[in-house]
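The values are calculated or read from the model by the stated rules, or taken from the named source; none is laboratory data. Being a predicted model, the structure only gives us computed values, none of them experimental. Quick reminder, even Gly has a Cβ in these numbers, built from the backbone with ideal geometry, and neighbours come from all protein chains shown.
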Ligand code: NDP
C-alpha cells in the first residue's frame with residue numbers, strides 16, 4: 001500500500017488565502033481592519049521565529065499586526081497591566097501571549113487575564129469550557145489544524161478510533177474534545193506518560209496523533225498498517241527539525257502521514273489568522289461563522 005503524504009504547507013496556504021479573502025470582504029463591509037497583538041516576553045530563539053512568522057502571515061492576510069517585545073525580566077504585574085489595556089482597546093481584536101513565559105510569570109494567570117472575546121489561542125477557561133460543551137467560540141489552533149489534515153484524507157471519521165499521545169492543555173486535551181464533537185464522531189483514547197502498554201494502545205489506532213515532544217518516539221511497531229499518522233512534535237536533533245514520529249520507517253506502514261516540517265506547523269498559524277478574523281467579527285457584531 002502506498003502512503004499519502006499530507007501536505008500541511010499547501011493546505012495551510014489555501015486556508016490562509018481563503019481567510020485573506022474574508023478579511024478583504026470584512027474590511028470593505030465594516031471599514032475595520034482585524035488587528036492581532038502578539039506579546040513576546042524574553043529572547044527565546046524559537047519563540048522569536050514563531051512570532052515573526054505570525055506577524056508575516058497576519059500582514060499577508062491583510063490584517064494589522066502589532067508585536068510587543070518585552071524584556072525577560074518583565075514582572076507578572078507589568079504583563080497583566082499591558083493585557084488589561086489591550087483588553088479594553090477597541091482597536092485590538094485578538095491578543096496572543098507567546099509561550100513559554102519566563103519563570104517569574106505564572107502562565108495560567110496570564111492566559112486567564114486575556115479577554116475571552118480576544119483569546120485567539122482559545123486557552124481561556126471560558127473558551128475551553130465552550131469547546132468542551134461542543135459550542136466553540138474559537139477553535140484551538142493546532143488541534144484544529146490536525147483535524148483539518150485528518151479530514152483531508154478521511155472525510156468520514158465517524159466511529160474511527162483516534163489515539164492521542166499527550167494530554168497537554170494546548171494539544172492533547174483539546175484534540176480529544178475536537179475529535180469527539182458531534183459530526184466528527186471519532187472514538188478517542190488519550191495516552192500520557194503513565195499509560196500502560198502504550199504500543200498496544202497506539203497499534204489499535206485508525207488515527208494516531210503524536211504530541212509528546214520526543215524525537216522519533218513513535219516507531220513502526222506502534223502503528224497499525226494503513227493508519228493516519230499526525231505528527232505534532234517539533235524537536236531539534238543535530239540542528240534539524242524532527243517530529244515525534246520515526247517518519248522514515250512509519251511511512252512504510254501508515255496509510256497517510258504528516259511530515260515535519262511542512263505538516264501540522266503551518267496549519268497552526270493558518271488557524272490563528274482565522275481566529276483573529278472571527279474575533280474581529282464578534283467584536284463588530286458581524287456573523288463570525
Ligand atoms: P507538553 O510537554 O505540554 O506535553 C507532552 C505530553 O506528552 C504530556 O501529556 C506527557 O505526559 C506526554 N508524554 C511525554 N512522554 C511520554 C511518553 N513517553 N509516553 C506517553 N506520553 C508521554 O507538550 P505539548 O503538548 O505542548 O507539545 C507536544 C509537542 O508538540 C512538542 O514537541 C511541541 O513542540 C509540539 N507542538 C507543536 C505545535 C505545532 O504547531 N506544530 C504546537 C504546539 C506544540 P504527562 O502529562 O503524563 O507528563
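Of the residues in the range 33-44, at least one is outside any helix (DSSP H, G or I), touching a helix residue (DSSP H, G or I) at 6+ places or on another chain (Cβ under 6 Å) and surrounded by fewer than 18 Cβ atoms within 10 Å (Cβ to Cβ).
The rows are residues; the columns are (1) touching a residue at least 12 places away in the same chain (Cβ under 8 Å); (2) closer than 22 Å to residue 126 by Cα; (3) within 12 Å of the ligand (Cβ to nearest atom); (4) surrounded by 14 or more Cβ atoms within 10 Å (Cβ to Cβ).
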site: 153; (1), (2), (3), (4): yes, no, no, yes
site: 157; (1), (2), (3), (4): yes, no, no, yes
site: 160; (1), (2), (3), (4): yes, no, no, yes
site: 164; (1), (2), (3), (4): yes, no, yes, yes
site: 176; (1), (2), (3), (4): yes, yes, yes, yes
site: 179; (1), (2), (3), (4): yes, yes, no, yes
site: 194; (1), (2), (3), (4): no, no, yes, no
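What do you reckon, is residue 51 closer than 24 Å to residue 127 by Cα and touching a helix residue (DSSP H, G or I) at 6+ places or on another chain (Cβ under 9 Å)? No; evaluated as a whole, the condition is false for this residue. Just wondering, is there one or more residues in the range 72-87 that are under 25 Å from residue 236 (Cβ atoms) and either surrounded by 19 or more Cβ atoms within 10 Å (Cβ to Cβ) or not assigned by TED's automatic domain parsing to the domain that holds residue 258 (or both)? Checked the range 72-87: at least one residue is under 25 Å from residue 236 (Cβ atoms) and either surrounded by 19 or more Cβ atoms within 10 Å (Cβ to Cβ) or not assigned by TED's automatic domain parsing to the domain that holds residue 258 (or both).
Return the residue satisfying two criteria in turn: it lies in the range 202-221 and is without any contact (Cβ under 8 Å) to a residue 40 or more places away in the chain and closer than 19 Å to residue 150 by Cα, and of such residues it is surrounded by the most Cβ atoms within 10 Å (Cβ to Cβ). Of everything passing the filter in the range 202-221, 202 is surrounded by the most Cβ atoms within 10 Å (Cβ to Cβ). Which of the residues belonging to the range 196-218 are more than 11 Å from the ligand (Cβ to nearest atom) and under 24 Å from the mean Cα position of the chain (by Cα)? Listed by number, the residues that qualify are 205, 206, 207, 208, 216.
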